[in-house]
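Chemist: Just passing along the structure, written as structure tokens.
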Amino acid sequence: MKLDHSQPLEYSTDQNRLNILGFWIFLGAEIMLFATLFTSYFVYEDRIGSGPSGADIFEITPVLIETIILLTSSFTIGLAIHAMRINRTKAMTVFLGITLLLGAAFLATEIYEFNHYYHIGATLQTSGFTGILLTTLGTHGAHVTLGLFWGAMILIQIMKRGLTPQIANKSFIFSLYWHFLDVVWIFIFSFIYLKGMM
Amino acid sequence: MEFFERFAIPHPSPLIYASMVAIGLVSIAIIVGITYFKKWGYLWNEWLTTVDHKKIGIMYIISALLMLFRGGADAIMMRLQTAVPENSFLDAQHYNEVFTTHGVVMIMFMAMPFIIGLMNFIVPLQIGARDVAFPRLNAISFWLFFFGAMLFNLSFVVGGSPDAGWTNYYPLASNEFSPSVGVNYYNWALQISGIGTLMTGINFIATILKMRAPGMKLMKMPMFTWASLLTNVIIVFAFPVLTIALVMGTFDRQFGTHFFTSMNGGMDMMWANLFWVWGHPEVYILILPAFGIYSEIISTFSQRNLYGYKSMVWSMVLISLFSFTVWLHHFFTMGQNAFTNSIFSITTIAIAIPTGIKIFNWLLTMRKGKIRFTVPMLYSIAFIPLFTIGGATGVMLGMASADYQYHNTMFLVAHFHNVIIPGVVFAVLAGFTYWWPKMFGFMLNEKIGKWAFWFLSIGFCLAFFPMYITGLNGQARRMYTYSEATGFGPLNLLSFFGAGLMAIAFVLIVYNVYYSFRHSPRNVGDDPWNARSLEWATHNPVPEYNFAVAPEVKSSEALWDQKKHGHKLFNKEYEEIHMPNKSGVPFIMGVLFFIFGFSFIFAIWLGVILSAIGIFACMIYRTFEQDHGFHISVKEIKETEEKFGGADK
């Protein structure tokens, strides 16, 4: 394994560089995945059948909380990668840990929100609109859940093995993923919630 | 007992019971055979756990050939059923199941894996790489495809096959009109193998962008590599659409949502749109690599460089872009306004332009060439006029107003078989024959190959050209029978006869493999076809590490440069070669995905949960695994190279 010391640790081997490129391509596929969901959402948005519309069920408070939490977590994962670049493992683990906690808090709020929808009769089966709403939000939520487990595994590896080129690579890729989920959330916030409440 | 009732076939027939027995006997025979010859260790160590792109490519091709016979049996059954009017060989329900599985198997589990298999074997060699970018992921891709295909085939004997066509339109595919678990099989088999295909796409884009030999700029890649690159870009952008469409379909059927229903805001046309937003690019996923294969073969056997390299590349780029803008032409008659139809009509017909450019480039490549009529070249030459006929009828279908006449008739069936068979099937057979010595170190027999070619080409014309006529006369597709008064009888009988000739051709092709394995000479050298591109610069069969020394190239025809212009490909000394370790995890993940899909189809939630935990356990194992691969020493490389008698490489 040849290390290229002119590059940051996560880019230092051939395989690392390939991994990062490969993950960017994967994110391209993810963009298509969410683009399909958003397109479907716009199609079903007004097809509410006998069920409620977006304006009837959206609540600003949990949505704002989710948004603030997720944006903050995107900031802290950025700090974690910055700490990794200046080789401060301790700070990195702390920021990564905070990111994961914020992710868990986001998820808890989202579960509360889903529970609320369920109780006011907006379930997966209610109408085309509620179905696509919950599928879109659920796909994003499932990504966050997967990210929590993934991040936790990386955290354990950093604590056990320290910052090797491989682990730096995984952490960096994880940060790309996390930022991507944040971008998707911004679209969800703007084009699902704000548009629906207006 | 109640638990097991769900696995029963809802609409059984003696034929299905006979296949059950046949499947059981064949499985037992395989297990006994492997045990008797003590090959379990060999199978596990050399194949099931391999991450070598060459072996994975070969496994893709073997699976594709098996599926070719499965899909071919379906085709023969359909032609037999419609050979004479009022036939009662199959009833309507069975006919529905047979044309559905024929379509899905041939597109998803025959054509695509065949293409991906060739891509796996050839692309890393054409760019001078040791392997693909992510060898382990490549193995996962293969096993997901393989177990997806197995899951789909299981539907035939456990629970019932899908019966709503390979396009699976709703509401026909809903629980109401398709009450068996068949469409669930469709959803999960395609989902699982689709995830595998998506990973292949990511893998090959990274490989082609980052792992080319020094000197190989993008515009100096061999044409098959270019075609593969664009194909994989299409895969990455098209398959996520299918993923979502299948999830929505699964939710509708298994969780009672209202995406594609006609109540509570559901919209069945949404499925048709999403399906074809994936489905139309999908047919270009099949045809672009085929174009690449033809480009390689035509230039090799015309003994001239490929005419119009740049226009070849740009026309493929255009086709890739257009492929996402034409999906609506699959349902011109389903309720859009005239303006919308016109737009899609124009984009559809526009695709004929870049495709036409390619046809002329191939013709001009052959012009003044010293053409050698080998089996791969015969397929390529037959492809040009036959594909042009298919393309011209495609333009006819592309005219929205005229499409009202052709839609849903045998004319359409004739058209798409006319592009897929001479386009894709001829291409993979040509590529299979052309690259066979690369894979196994001996040639396929030319004489048997030519017999197979003629049987296939003539059989194809007899099978499908009559459908143009019956279609224009109004024979609807997907109808299991017709009355004698329609007058469709004689032409359909001719079709059946043609299908029989094609079946003989495929048997001949398999016999050729056996015959050549027994009788072909083994010392064919490294360059039996007098070829031009880089994959022929290493040995036949290819050693584990592909190239002993990384090649340095200066054009798209690296080997030709070496042979004719004295360009030296291999300038460096031997160095230790780093190789990835093999792993059983991809195979285990494939099995787990199979169990996951199967349990989900029958709503056995315990199986779903346990297999999902298993899949995540495999992923966690992978992230903690410290796998740095192994090294092949210089001594070992020298020994291998001497065995091949090529000290200069």
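The values are calculated or read from the model by the stated rules, or taken from the named source; none is laboratory data. Note that the coordinates shown come from a computational prediction; the quantities given were computed from them, not determined experimentally. Cβ atoms come from the backbone with ideal geometry, glycine included; neighbour counts cover every protein chain shown. The area values use the complete protein model at the heavy-atom level, side chains included, leaving out ligands, DNA and RNA. Shrake-Rupley method; radii C 1.70, N 1.55, O 1.52, S 1.80 Å.
Chemist: Can you confirm whether B:ILE16 is at pLDDT 90 or above and either surrounded by 13 or more Cβ atoms within 10 Å (Cβ to Cβ) or closer than 20 Å to B:GLY160 by Cα (or both)?
Modeler: no
Chemist: Still on this structure, I have one more. Regarding the range A:19-28, can at least one residue be identified that is outside any loop (DSSP other than H, G, I, E, B), away from chain B (no Cβ under 13 Å) and open to solvent by 50 Å² or more (accessible area, probe 1.4 Å)?
Modeler: Quick first cut of the range A:19-28, residues outside any loop (DSSP other than H, G, I, E, B) only: A:19-28.
Right, trim to away from chain B (no Cβ under 13 Å) and you get none.
Within the range A:19-28 (the criterion being outside any loop (DSSP other than H, G, I, E, B), away from chain B (no Cβ under 13 Å) and open to solvent by 50 Å² or more (accessible area, probe 1.4 Å)), the answer is no, since none of the residues qualifies.
Chemist: Please list, ordered by first then second residue, the pairs with beta carbon atoms under 6 Å, 6 or more apart or interchain, first in the range B:272-290 and more than 9 Å from B:VAL241 (Cα to Cα), second of a type in the set (A, V, I, L, M) and not in a helix (DSSP H, G or I).
Modeler: Filtered contacts from the range B:272-290: B:HIS280/B:VAL326.
Chemist: Restricting to the range B:132-148, and then to whatever is open to solvent by less than 10 Å² (accessible area, probe 1.4 Å) and in contact with a Lys or Arg (Cβ under 9 Å, 6 or more places away or on another chain), can you tell me which residue is farthest from B:LEU65 (Cα to Cα)?
Modeler: Among them, the one singled out is B:ALA133.
Chemist: Which of the residues belonging to the range B:149-202 are small (Gly, Ala, Ser) and assigned to a loop (DSSP other than H, G, I, E, B)?
Modeler: Initial filter on the range B:149-202 (small (Gly, Ala, Ser)): B:149, B:155, B:159-161, B:164-165, B:173-174, B:178, B:180, B:182, B:189, B:193-194, B:196, B:201.
Scanning the range B:149-202 gives B:SER155, B:GLY159, B:GLY160, B:SER161, B:ALA164, B:GLY165, B:ALA173, B:SER174, B:SER178, B:SER180.
Chemist: While we're on this one: Hey, among the residues in the range B:568-594 that are over 19 Å from B:ARG622 (Cβ atoms) and either open to solvent by less than 40 Å² (accessible area, probe 1.4 Å) or free of Cβ contacts under 8 Å to residues at least 24 places away in the same chain (or both), which one's farthest from the other protein chains (Cβ to nearest Cβ)?
Modeler: My answer is B:LYS568.
Chemist: May I pose another question? Name every residue in the range A:36-45 that is open to solvent by 40 Å² or more (accessible area, probe 1.4 Å) and within 8 Å of another protein chain (Cβ to nearest Cβ), in order of residue number. First the steps, then the outcome.
Modeler: Let us first name the residues in the range A:36-45 that are open to solvent by 40 Å² or more (accessible area, probe 1.4 Å), namely A:39, A:42-43.
Listed by number, the list holds a single entry, A:VAL43.
Chemist: Could you give every pair whose Cβ atoms fall below 7 Å, whose first residue belongs to the range B:236-252 and is hydroxyl-bearing (Ser, Thr, Tyr), and whose second residue is modelled with pLDDT of 95 or more, counting only separations of at least 6 or pairs across chains?
Modeler: B:THR243/A:LEU33; B:THR243/B:GLN191; B:THR243/B:GLY194; B:THR250/B:ASN187
Chemist: Within the range A:153-164, how many residues are assigned to a helix (DSSP H, G or I), more than 10 Å from every other protein chain (Cβ to nearest Cβ) and open to solvent by 20 Å² or more (accessible area, probe 1.4 Å)? Reasoning before the result, please.
Modeler: Going residue by residue through the range A:153-164, those that are assigned to a helix (DSSP H, G or I) are A:153-161.
After this cut, where a residue has to be more than 10 Å from every other protein chain (Cβ to nearest Cβ) as well, the list is A:155, A:158-159.
From what's left, open to solvent by 20 Å² or more (accessible area, probe 1.4 Å): A:155, A:159.
Matching residues across the range A:153-164 total 2.
Chemist: For the range B:518-535, how many residues are open to solvent by 10 Å² or more (accessible area, probe 1.4 Å), of a type in the set (D, E, K, R) and within 23 Å of B:MET216 (Cα to Cα)?
Modeler: Selection size over the range B:518-535: 3.
Chemist: In the range B:198-217, how many are over 30 Å from B:LYS568 (Cα atoms), open to solvent by 10 Å² or more (accessible area, probe 1.4 Å) and in contact (Cβ under 8 Å) with a residue 60 or more places away in the chain?
Modeler: 2
Chemist: Related question: Among the residues of the range B:487-500, which ones are open to solvent by 60 Å² or more (accessible area, probe 1.4 Å) and either farther than 30 Å from B:PHE453 by Cα or in contact (Cβ under 8 Å) with a residue 40 or more places away in the chain (or both)?
Modeler: B:LEU493, B:PHE496
Chemist: Residues of the range B:35-65 being open to solvent by 70 Å² or more (accessible area, probe 1.4 Å), of a type in the set (A, V, I, L, M, F, W, C) and at pLDDT below 95, which ones?
Modeler: B:PHE37, B:TRP40, B:TRP44
Chemist: If you check every pair at least six apart or on different chains, which have Cβ atoms under 8 Å apart with a residue in the range A:68-79 that is under 14 Å from A:GLY147 (Cβ atoms) first and a residue that is in a helix (DSSP H, G or I) and open to solvent by 50 Å² or more (accessible area, probe 1.4 Å) second?
Modeler: Pairs found: A:SER73/A:ILE98; A:SER74/A:HIS179; A:THR76/A:PHE95; A:THR76/A:ILE98; A:ILE77/A:PHE95; A:ILE77/A:HIS179.
Chemist: What residue, of A:VAL183, A:VAL144, is in a helix (DSSP H, G or I), free of Cβ contacts under 8 Å to residues at least 12 places away in the same chain and more than 14 Å from chain B (Cβ to nearest Cβ)?
Modeler: Going through A:VAL183, A:VAL144 in turn, the sole match is A:VAL183.
Chemist: Scanning the range A:106-131 for residues that are among the aliphatic types (A, V, I, L, M) and open to solvent by 60 Å² or more (accessible area, probe 1.4 Å), which turns out farthest from the other protein chains (Cβ to nearest Cβ)? Lay out the reasoning, then the answer.
Modeler: Within the range A:106-131, the subset among the aliphatic types (A, V, I, L, M) is A:107-108, A:111, A:120, A:122, A:124.
When the remaining residues are screened for being open to solvent by 60 Å² or more (accessible area, probe 1.4 Å), the result is A:111, A:120.
On the way: A:ILE111: 18, A:ILE120: 16 Å.
The extreme case among them is A:ILE111.
Chemist: Is it true that B:GLY160 is in contact with a Lys or Arg (Cβ under 9 Å, 6 or more places away or on another chain) and more than 14 Å from chain A (Cβ to nearest Cβ)?
Modeler: no
Chemist: Select from the range B:555-605 the residues that are of a type in the set (Lys, Arg) and in contact with a helix residue (DSSP H, G or I) (Cβ under 9 Å, 6 or more places away or on another chain) and write down the one among them that is farthest from B:SER155 (Cα to Cα).
Modeler: Going residue by residue through the range B:555-605, those that are of a type in the set (Lys, Arg) are B:563-564, B:568, B:572, B:582.
Restricting the remaining residues to those that are in contact with a helix residue (DSSP H, G or I) (Cβ under 9 Å, 6 or more places away or on another chain) gives B:568, B:582.
Values: B:LYS568: 55, B:LYS582: 32 Å.
If we take residues in the range B:555-605 being of a type in the set (Lys, Arg) and in contact with a helix residue (DSSP H, G or I) (Cβ under 9 Å, 6 or more places away or on another chain), then B:LYS568 is farthest from B:SER155 (Cα to Cα).
Chemist: Quick check on my filter: what residues within the range B:611-649 are in a helix (DSSP H, G or I), open to solvent by 20 Å² or more (accessible area, probe 1.4 Å) and in contact (Cβ under 8 Å) with a residue 12 or more places away in the chain?
Modeler: Matches in the range B:611-649: B:ALA612, B:TYR621, B:ARG622, B:VAL634, B:LYS638, B:THR640.
Chemist: Follow-up. Listed residues B:LEU229, B:LEU190, B:LEU209, B:LEU218; which is under 24 Å from B:LYS310 (Cα atoms), away from every other protein chain (no Cβ under 13 Å) and out of contact with any Pro (no Cβ under 9 Å at 6 or more places or on another chain)?
Modeler: Going through B:LEU229, B:LEU190, B:LEU209, B:LEU218 in turn, the sole match is B:LEU218.
Chemist: Moving to a separate point now. Can you name the helices (runs of 4 or more DSSP H) wholly within the range B:269-362 that have at least 3 residues being farther than 30 Å from B:ASP561 by Cβ and within 14 Å of another protein chain (Cβ to nearest Cβ)? Give the steps one after another, and end with the answer.
Modeler: On the way: elements: B:269-302, B:309-322, B:338-350.
Output list reads B:269-302.
Chemist: Turning to a different aspect of this structure: Residues that are part of a helix (DSSP H, G or I) and acidic (Asp, Glu): does the range B:3-20 have at least one?
Modeler: For the range B:3-20, residues part of a helix (DSSP H, G or I) and acidic (Asp, Glu): present.
Chemist: Only one of (1) under 30 Å from B:VAL317 (Cα atoms); (2) in a loop (DSSP other than H, G, I, E, B) is not met by B:PHE259, so which one is it?
Modeler: (1)
Chemist: Residues in the range B:400-419: is at least one open to solvent by 10 Å² or more (accessible area, probe 1.4 Å), under 23 Å from B:GLU446 (Cβ atoms) and assigned to a helix (DSSP H, G or I)?
Modeler: For the range B:400-419, residues open to solvent by 10 Å² or more (accessible area, probe 1.4 Å), under 23 Å from B:GLU446 (Cβ atoms) and assigned to a helix (DSSP H, G or I): absent.
Chemist: Out of the residues in the range A:81-95 meeting the condition of being open to solvent by less than 60 Å² (accessible area, probe 1.4 Å) and aliphatic (A, V, I, L, M), tell me which one is farthest from A:TYR177 (Cα to Cα).
Modeler: Out of the qualifying residues, it is A:ALA91.
Chemist: Follow-up. Please give the number of the condition A:SER50 fails out of (1) polar (S, T, N, Q); (2) within 14 Å of chain B (Cβ to nearest Cβ); (3) open to solvent by less than 50 Å² (accessible area, probe 1.4 Å).
Modeler: Among (1) polar (S, T, N, Q); (2) within 14 Å of chain B (Cβ to nearest Cβ); (3) open to solvent by less than 50 Å² (accessible area, probe 1.4 Å), A:SER50 violates only (3).
Chemist: Could you check the range B:243-256 and list, in sequence order, the residues that are facing chain A (nearest Cβ under 9 Å) and not in a loop (DSSP other than H, G, I, E, B)?
Modeler: If the condition is that a residue be facing chain A (nearest Cβ under 9 Å) and not in a loop (DSSP other than H, G, I, E, B), then B:THR243, B:ILE244, B:ALA245, B:VAL247, B:MET248, B:PHE251, B:ASP252, B:PHE255 are the ones that fit.
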